[in-house]
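Trainee: The structure is given below, and queries will be raised subsequently.
The values are calculated or read from the model by the stated rules, or taken from the named source; none is laboratory data. Predicted model, so just to flag it, every value in this text is computed and none were measured. Here Cβ is always computed from backbone atoms with ideal geometry, including for glycine, and neighbour counts include all displayed protein chains. Ligands, DNA and RNA are excluded from the accessible area calculation, which covers all protein heavy atoms including side chains. Shrake-Rupley method; radii C 1.70, N 1.55, O 1.52, S 1.80 Å.
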Amino acid sequence: MMTVLLVAGSLLLTMGCGNVPGDSAAGPRPEDDQPVSTDVGTGTPSPNPDASPVRPVGNTINPRPIAFERAEPSADGRSLKVYWWSGVEPCHVLDRVEVKEAAGSVTVTLFEGPSEPDAICVQIAVHKVTTVQLKAPLDARRIVDGAK
């Protein structure tokens, strides 16, 4: 009798582990072909119109240059909105923004660092934006990321 129960149980277990419609083991589904991001080819999420505005606070611990996603000039060309992906505070705090203006380019370098020495933060991407004032209108000058 025990052998019959073991065989019956094994059969039920085996049947329960089979493929069902929509199961990933059953092969690709039409929705599997959909892009994960609308910003194809960059490996980064699409720009969020609701980026969190931040201002440099200074006094972070060992600030380091951080690359930005894009910079958009204002209508009059006298300021730039700089967008980047970062983490949550107090682990990822905008320390300062350095701007070097030349005849043919404007180099913008963002610096981030933690504001607390032993901060513990969740690993969540945050889309951030800060506004940078220029001494002269951008005009035809190109924008350069100083962290790259």
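Trainee: Mind checking which residues of the range 106-124 are surrounded by 13 or more Cβ atoms within 10 Å (Cβ to Cβ) and either closer than 20 Å to ALA67 by Cβ or without any contact (Cβ under 8 Å) to a residue 24 or more places away in the chain (or both)?
Mentor: Once the filter is applied, which keeps residues that are surrounded by 13 or more Cβ atoms within 10 Å (Cβ to Cβ) and either closer than 20 Å to ALA67 by Cβ or without any contact (Cβ under 8 Å) to a residue 24 or more places away in the chain (or both), the range 106-124 yields VAL106, THR107, VAL108, THR109, LEU110, PHE111, GLU112, GLY113, PRO114, CYS121.
Trainee: If you don't mind, another one. Tell me yes or no: at least one residue of the range 127-138 is open to solvent by 60 Å² or more (accessible area, probe 1.4 Å) and either of a type in the set (Val, Ile, Thr) or not in a loop (DSSP other than H, G, I, E, B) (or both).
Mentor: Within the range 127-138, one or more residues are open to solvent by 60 Å² or more (accessible area, probe 1.4 Å) and either of a type in the set (Val, Ile, Thr) or not in a loop (DSSP other than H, G, I, E, B) (or both).
Trainee: State the number of residues belonging to the range 59-110 that are among the aromatic types (Phe, Trp, Tyr), in a strand (DSSP E or B) and more than 16 Å from GLN133 (Cα to Cα).
Mentor: The total comes to 2.
Trainee: To continue, here is another question. I want to confirm something. Restricting to the range 75-90 and keeping residues that are open to solvent by less than 40 Å² (accessible area, probe 1.4 Å) and free of Cβ contacts under 8 Å to residues at least 40 places away in the same chain, which single residue is nearest to ASP118 (Cα to Cα)? I'd like the intermediate steps shown before the answer.
Mentor: Of all residues in the range 75-90, those open to solvent by less than 40 Å² (accessible area, probe 1.4 Å) come to 77, 79-80, 82-84, 86-88, 90.
If we keep only those that are free of Cβ contacts under 8 Å to residues at least 40 places away in the same chain too, we end up with 87-88, 90.
Details: GLY87: 15, VAL88: 14, PRO90: 10 Å.
Only one residue tops the list, namely PRO90.
Trainee: On to the next question. Determine which member of the set GLY146, GLY41 is small (Gly, Ala, Ser), on the phi > 0 side of the Ramachandran plot and either open to solvent by 50 Å² or more (accessible area, probe 1.4 Å) or modelled with pLDDT of 95 or more (or both). Write out each step before concluding.
Mentor: Values: GLY146 fails: on the phi > 0 side of the Ramachandran plot.
After applying the criteria, what remains is GLY41.
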